[in-house]
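Peer 1: Below are the structure tokens for one structure; questions will follow.
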Amino acid sequence: MTTDTAPARRDLAKAYEFKEVEARWYQNWLDHKNFRATMEEGKPSFSIVIPPPNVTGVLHVGHALNNTMQDVLVRYRRMQGCNTLWVPGTDHAGIATQNVVERQIATEGKSRHDLGREKFIERVWQWREEKGGTIINQLKHLGCSCDWDRERFTMDEGLSRAVRTVFVRLYKEGLIYKGDYIVNWCPRCKTALADDEVEHEETAGKLYHIRYPYADGSGHVIVATTRPETMLGDTAVAVHPDDERYQHLREIGVRLPLTGRTIPVVFDHHVEREFGTGALKVTPSHDRNDYEIGLRHNLERLKVMDDSGIMNEAAGPYAGLDRFACRKKIVADLEEQGFLEKIEDYAHAVGQCYRCKTVVEPTTSLQWFVSVKPLAAKAVAAVRDGHIAIHPKTWHNTFYAWMDNIRDWCISRQIWWGHQIPAWTCDACGHFMVEEEAPAACPKCGAATLSQETDVLDTWFSSALWPFSTLGWPDRTRELKFFYPTSVLITSFDILFFWVARMMMMGLHIMGEPPFKDVYLHALVRDKHGKKMSKSTGNVIDPLVVMAEYGTDALRFTLTAFAAQGREIKLAEERIEGYRHFINKIWNAARFALMHIKECGPAIARNIDPAALPLSHRWILHRLNQTTIEVTRALDDYRFNDAASAIYQFVWSEFCDWYLEWVKPDLYGNDAAAKASAQAVLLAVLEDVLKLLHPITPFVTEEIWHALPGARTSIMVEPFPTENPVWHDPAAEEEAALFMGVVGAIRNIRSEAQAHPSAEITAMVVCPDNAKGAIFEKLASAIKTLTRTKELTITPSGQRPKGAASNIFQDLEIVVPLAGLIDVEKELAKLAKEQARVEGELKRIQGKLTNEKFVANAPAEVVAKEKEKEAELTATLTKLKESAERLEELR
RNA sequence: GGGUGAAUAGCUCAGCCGGGAGAGCAUCGGCCUUACAAGCCGAGGGUCACAGGUUCGAUCCCUGUUUCACCCACCA
């Protein structure tokens, strides 16, 4: 941190030029290393690791939300004096990045196979050098105060070492194994996918019913399938063990149509007797369930497709056809040869690759797996025992349910871009070894030629280590000591299982401590109709465009204000425009303040005894204090929207609409003492407002901060406001409510009477209560200013003059003579309506109070409150009736 | 098939421990009042999805229903 001087102070421009301001300040923060983490003993630590965006990524509004929230917290804690670290970085995003570079070289008419593995990977690195910084720059644009000197990439040497270290350890512990199992295969990406990388989409398909003749020709059984091409790989038909219909097939078997191959009939409990004919074709190599059945009955596995989804030699005459072309051909042939019973429309879920949406083909394949059950148990225990808290809590059950049913994690991918699996086989003797570094020679036979596994690891494997690998693990660094476990992880709920759960498992197992204490799962940003934003629908709100149009602070405030805990945030551009008005409001309030406080020194109001000050100042300081408390509590609880709305209300409705108008007479007047207090309080409130706002709207607050009198360092390093008990003043709040009630009543009369704002009026406040009367005496001049009233009388009892309008506020009657402007009938109607409302409410309350059970059971304070209300309403009602009577006389 | 969330003003949403609802935008009326027309002042607008239950009292808690959204799942 630094105390260097900032850009020269000057008067604030008439309009807030955010573009110039944002660029200037961000550079200034970088120049002064304001984002760099401190590691001072004795100070609390606060750390966040960024959910690393894909290196291929472009900032979308979801990133903007996610990173705004992180930056709000980071700036808040930094101002509170924590050792604060926000680790930025990007993810190498295996398949996604490989796809991008493949497309790039495709324009040169080449495929990655033309280049070869080594050259191709060089190209990917080259691509990363040139284009990989895009999203990082966009995060800077958003104002993110990450410690950029600690930026990491999941393929960095350090992180790669962490990956190898963890892999070897898990392998040696028996938690990583290699085996031939059925996996999800993407024929386009030509790689295996983990279960959660497959998206199931409800699709309108067909259900084909096919006759499989008995092997002895005595009849046939009908099986149904949505994927008829897989019949070429059928190695059995399964029926339920207790299904009498098919017992005789035990010895006979059936013949596969088209190929004539004879296959056995097996009896398995998996089969539902009620579904279709109760007979199921079994393709162990291309269906997960069939694979299981195959295992149970020791069935042959017959793969009929290659890794591109093209039918192979095993498909006989169909070899060389794409699987979907083959489906058509098979159906046509079945039809022609009389094997097709019927075709039904059938809606079912089809698995797709989450990266490219290609229909996934289940296939048996030799892959690496993590045995996750023991790891998952630790994660579940950590959440259950409160070592990790997920916010909002509603996710706990979902989390447990998923973790309890978790299956082994397929971590090998048949692509080139990623962490190559650290396992080697000796070419000479076949010795197999898993090591952190490439062995120079075979430890068994001494041969120097070893072949490394060609597969790379699932990208999520390295991201699972992110919270400690970015802090320097496996070395024992100071960063780890200060910042692990990290304080909170902020991410979107859609990667709870991809990423969050896996970080928990790895952190707990490898480090022995959770990777973070809190997880805050925020909503997904949708369009204003709740639809997913997508380029094809054209409903995308591009944060970069929006920032250019409305300013970064406007976007940040909008996202913060909309960040209520929930499932989705419906965002429309009008909202951002609305909050730009708020930024503008702050700007103008500051301009106004600066006109009057130029000659002031830095605020000293914290040292002023507010008891000696007039109500206006006591009130605003009290409200500021309350707002500080609320903002602090809200941010501590991740209630971002509450923090935003508390400060919005305070700034606009209280500070601007009331306070500034209220103190104008002091500021413009000749009373030097009154002016001095007004200046001091005004500056103090403005300073705290800027600090409270800074985590959400860093740019505009910094710019205004430096225009304030006195030498200023960055507002980033100012202490965040804290509760000030000296400012606490509930009595001021009550008195201010009376004041505002009377002002409101007079304004209402003016407006209803359509009196021109410049028309001067006189008013009378009939106030039977002497104590209140004394309060109003002191406020008379302020009431007059705020209502443009020439003359104001406060009297314990008064007679309403002819042609006067009146309003009732509590036990007060506010009378404004407006000769000729009064519509008596309208006034009476208004009074009648108000009377009805008050009577209704009174009736309800009296009903309650006469209800013995209520009085007996309700808490004493509630009963007291109701009694108070009753008295107040009774007084109001009396006033209303009197007012109406007098008005009647005018008819 | 299982699970989760949502239903509150015309729109988008707040509403912590149950004491009879708030904001922004939009609408209507009046204002270029020397910080701000990206503004100021005033006003209107809600059977808190529906039906029961618990309670002195329910937008809030419980049960059921309807509608919508999402997640998980091996009925071919």
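Rule-based calculations on the coordinates, nothing more; no lab input. Being a predicted model, the structure only gives us computed values, none of them experimental. A quick note on method: Cβ atoms are made from the backbone with ideal geometry, for glycine too, and the neighbour counts reach across all protein chains shown.
Peer 1: Under 8 Å for C-alpha pairs, at least 6 residues apart: give me the relative contact order for the range A:206-343, rounded to a whole percent.
Peer 2: Contact order relative to length: 28 percent.
Peer 1: First measure r as the distance between the Cβ atoms of A:K190 and A:M595, then evaluate 1/(1 + (r/R0)^6) with R0 = 51 Å and state the FRET efficiency to the nearest 0.05.
Peer 2: 0.15
Peer 1: With an 8 Å Cα cut-off and a minimum separation of 6 or more residues, compute the relative contact order for chain A in percent.
Peer 2: Here the relative contact order equals 12 percent.
Peer 1: R0 = 41 Å: FRET efficiency of A:D657 with A:K867, Cβ-based, nearest 0.05?
Peer 2: 0.80
Peer 1: Let me ask another. Averaged over every viewing direction, what's the projected area of the C-alpha convex hull for the range A:110-264? Give it in nm², one decimal, please.
Peer 2: 18.1
Peer 1: Moving to a separate point now. Give me the percent of DSSP beta bridges within chain A that run antiparallel, rounded to the nearest 5.
Peer 2: Percentage antiparallel, nearest 5: 70.
Peer 1: Can you work out the base-10 log of I(q)/I(0) for the range A:794-853 at q = 0.13, 0.14 1/Å, using the Debye formula on its C-alpha atoms alone?
Peer 2: Treating every Cα as an identical point scatterer, log10 I(q)/I(0) equals -0.49, -0.54.
Peer 1: 7 Å from Cα along Cα→Cβ at both A:K790 and A:A440: what's the point-to-point distance in nm?
Peer 2: A separation of 10.5 nm, rounded to one decimal place.
Peer 1: Using the Cβ atoms and a cut-off under 11 Å, what net charge is assigned to the surroundings of A:R788, where Lys and Arg are +1 and Asp and Glu are -1?
Peer 2: +3
Peer 1: Calculate, axis by axis, the spread of Cα positions in the range A:774-889 along the three principal axes, and write the results as whole Å, longest axis first.
Peer 2: Result for the range A:774-889: principal-axis Cα extents of 52, 35, 22 Å.
Peer 1: Calculate how large, on average over all directions, the projected area of the Cα convex hull of the range A:267-403 is; give the answer in nm² to one decimal.
Peer 2: Mean projected area of the Cα convex hull: 13.0 nm².
Peer 1: To one decimal place, what Kirkwood hydrodynamic radius in Å is obtained for the range A:440-595 from all pairs of distinct Cα atoms?
Peer 2: 19.9
Peer 1: If I histogram all Cα-Cα distances within the range A:276-321 using bins 5 Å wide from 0, what percent of pairs lands in each bin?
Peer 2: Pair shares across the bins are 5, 23, 21, 20, 19, 10, 3.
Peer 1: Right, something else. Once both axes come from the Cα atoms, what is the angle between helix A:61-79 and the longest principal axis of chain A, in degrees from 0 to 90, rounded to 10?
Peer 2: 60
Peer 1: Note down the magnitude of the dipole of the range A:399-498 about its Cα centre, charges +1 on Lys and Arg C-beta and -1 on Asp and Glu C-beta and zero elsewhere, to the nearest 20 debye.
Peer 2: Dipole of the range A:399-498, to the nearest 20 debye: 260 debye.
Peer 1: Let me ask another. Output the Cα-based Rg and Dmax of the range A:152-208 in Å, rounding Rg to one decimal and Dmax to a whole number.
Peer 2: Rg, Dmax (Cα atoms, Å): 17.4, 54.
Peer 1: I've got another one for you. Could you size up the charge dipole of the range A:300-339 around its Cα centre, putting +1 on the beta carbon of Lys and Arg and -1 on that of Asp and Glu, and report it in debye to the nearest 20?
Peer 2: 120
Peer 1: Then there's this: With angles folded into 0 to 90 degrees, how steeply does helix A:552-561 sit against the dominant principal axis of chain A? Use alpha carbons for both and round to 10.
Peer 2: 90
Peer 1: Still on this structure: When the Kirkwood radius is taken over all Cα pairs of the range A:116-171, what Stokes-Einstein diffusion coefficient follows at 4 °C and 1.567 mPa s, in µm²/s?
Peer 2: 95
Peer 1: Next question, about the same structure. Between helix A:730-752 and chain A, what is the angle of the helix's C-alpha long axis to the longest principal axis, kept within 0 to 90° and rounded to the nearest 10?
Peer 2: In chain A, helix A:730-752 runs at an angle near 80 degrees to the longest axis.
Peer 1: Which log10 I(q)/I(0) values does chain A give at q = 0.06, 0.11 Å⁻¹ under the Debye formula, counting every alpha carbon as one identical point scatterer?
Peer 2: Values, matching the q order: -0.61, -1.29.
Peer 1: For every helix of n ≥ 4 consecutive DSSP H residues, a contribution of -39,500 (n - 2.57) applies; sum these over chain A, divide by its total residues, and give [θ] at 222 nm rounded to the nearest 500 deg cm²/dmol.
Peer 2: Value at 222 nm, helices only, nearest 500: -13500 deg cm²/dmol.
Peer 1: Over the range A:202-283, how many percent of alpha carbon pairs lie in each 10 Å bin up to the one with the longest distance?
Peer 2: 19, 55, 23, 3
Peer 1: Which cross-chain or sequence-distant (5 or more) residues have an amide H under 5 Å from the amide H of A:N539, H modelled 1.01 Å from N in plane?
Peer 2: Here A:S534 satisfy the definition.
Peer 1: Could you order the peptides A:345-357, A:46-58, A:150-162 from most to least packed, using the average number of other C-beta atoms within 10 Å per residue?
Peer 2: Ranking, from highest mean packing down: A:46-58, A:150-162, A:345-357.
Peer 1: Run the reach check for A:K172 against lysines, Cα to Cα strictly under 21 Å, same-chain hits fewer than 8 apart removed. What comes back?
Peer 2: Once the sequence-local lysines are set aside, what remains near A:K172 is A:K373, A:K378, A:K444.
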